[in-house]
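Everything below concerns the one structure shown next.
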Amino acid sequence: MLNRINLVRTISCLLIAVFHVTVFLNTNSGGLHLSMAGIPGPGFHLFLLISGFVLLHTTRPDETPLAFMGKRLARLVPLYWVMTFAVIALVLWRPWTFGQADLSLESIAKSLFFLPHADLNGRLHPILYVGWALNYTVFFYLIFAISLMFALRARHFVVLGLIVLITPAALLLPDEDMRRFYASPILLEFAAGIAVGALLLTKRAEAWIKNHRLVPMLVVGLAGMFATAYADNTGHDLPALAEALAYSASGALVLFAIGGMDLYRPQLNSKLIARAGSLSYAVLLVHPLLIAIIAAPIAIRIEDDLQRAIVVIPVLLLSSIVCAYLAHVCIEKPASSWLRARFAKRAPRPETNASPGRPAAADVEA
């Protein structure tokens, strides 16, 4: 059970929530400016890296591309669509809550079907703005689905090769938004997560982990991620490729350490930790709405900027956890299970043939 990995992914989504509420507070501050340097990078990029890692550990070796996409979309789509329509309803009621959201029919369709497009501020954000990460995720799922047509040992090489080919080829796309989005080297971070996952399944990695301490590697990796984020947010903007490589390298150390602990060290069998680890996706999707309907009303009632931050940030984090749990239990989990069951009836189920050392798909939050 990869409880540590799932827990870190939830923490990364909480870091993303901290970043977004900090942006909100700074925008509405009379003079106080909360430094965001070092906060968003580790959250966003760990989420991407872990998504690649988890794919390798939740996909059956003999799974077909169609079955793979069906299972992944069954998990992504229900809660994302519900939250997207919630944003649409909120904007129709109170337009200022998501002032950048474009509610044209084209924007709604592209948002629902994970197609990149610009919002009213020119950023490549769907109506629920955190969905930009899901747009990359679904595209990466398609790349990974193609790799399933190749031998198990070659899949991570196929993924990396496709990304290396697709990124520059995207510059030839006729649509400007598509060019801006798919030409980004951020897909390398998904590939880095898969590479770490593949490395951890080797006998050499297992032997090395059993004879070495992993905490120093974890500390070095985290330090590298925060240093990259700090440099990128204090006037030393890194080129996109350099940023992706820096986060991939430092994040790979973090993943190797945490994944190694999960696979080859005593398990964390706490039900509380396992439950917390299942909330990452819901935290990612619900916190933007909570900033609008909870954080904003509280903020306008507190005049002092520092007091406002001291109150609003903890309230947002706590409400995000509570609402994410409710969304996971009431929407995400039952809808995903129902869709997967319907899909399983239509498609033949392959026999299980998991690789040695690989956890069963049920052990990991896909």
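Worth pointing out:
- The stretch 96-245 - convex hull of alpha carbons, volume per residue in Å³: 153
- Our estimate of slack between Leu120 and Arg180, defined as 0.36 nm per intervening residue step minus the Cα-Cα distance, is 20.0 nm.
- Values of log10 I(q)/I(0) for the stretch 166-233 across q = 0.15, 0.20, 0.27, 0.28 Å⁻¹ run -0.74, -0.94, -1.12, -1.13, by the Debye formula with one identical scatterer at each alpha carbon and no solvent.
- The length gained on full extension between Leu165 and Ala240, counted as 0.36 nm times the residue separation minus their Cα-Cα distance, comes to 25.3 nm.
- Loop-located chymotrypsin sites (Phe, Trp or Tyr not before Pro) in the stretch 169-278, at most 15 other Cβ atoms within 10 Å (DSSP): none
- On full extension, the segment bounded by Trp338 and Asn26 gains 108.1 nm, given 0.36 nm per residue less the C-alpha separation.
- Volume per residue that the Cα convex hull of the stretch 1-120 spans, once the total is divided by residue count, Å³: 136
- Relative contact order, percent, the chain [alpha-carbon distance under 8 Å, six or more residues apart]: 34
- Relative frequency of Cα-Cα separations exceeding 13 Å in the stretch 293-348, percent: 69
- Low-density loop positions, trypsin sites (Lys or Arg not before Pro), the stretch 106-171 - DSSP coil, at most 15 other Cβ in 10 Å: Arg123
- Between helix 305-327 and the chain there is an angle of about 50 degrees, using the helix long axis and the longest principal axis of the Cα atoms.
- Percent of Cα pairs exceeding the 20 Å cut-off, where the set is the stretch 44-107: 51
- Pairs of lysines in the chain (C-alpha under 30 Å apart; 8 or more residues apart or interchain): 11
- Distance between the pseudo-spin-label points of Val219 and Gln267 (7 Å out from Cα toward the beta carbon): 3.0 nm.
- Two-decimal log10 I(q)/I(0) for the stretch 76-144, as the Debye equation yields it once each C-alpha is a single scatterer, q = 0.13, 0.15, 0.20 Å⁻¹: -0.33, -0.43, -0.74
- Bins of 10 Å, starting at 0 and running to the largest distance - Cα pair percent for the chain: 5, 23, 35, 27, 9, 2, 0
- Label point at Leu66 placed 7 Å out along Cα→Cβ; residues across the stretch 137-165 whose backbone nitrogen lies under 16 Å: 145-146, 148-149
- Counting every other Cβ atom within 10 Å of each residue's Cβ, Val286, Val164, Val138 order from fewest to most as Val164, Val138, Val286.
- Evaluated at q = 0.11, 0.17, 0.22 Å⁻¹: base-10 log I(q)/I(0), Debye formula over Cα of the stretch 188-277: -0.38, -0.80, -1.08
Read the figures in this text as sums done on the coordinates, not as results from a lab. Bear in mind that the values here come from a model prediction, so they are computed numbers and not experimental data. Don't worry about glycine lacking a Cβ; one is built from the backbone with ideal geometry, like all the others, and counts go over all protein chains shown.
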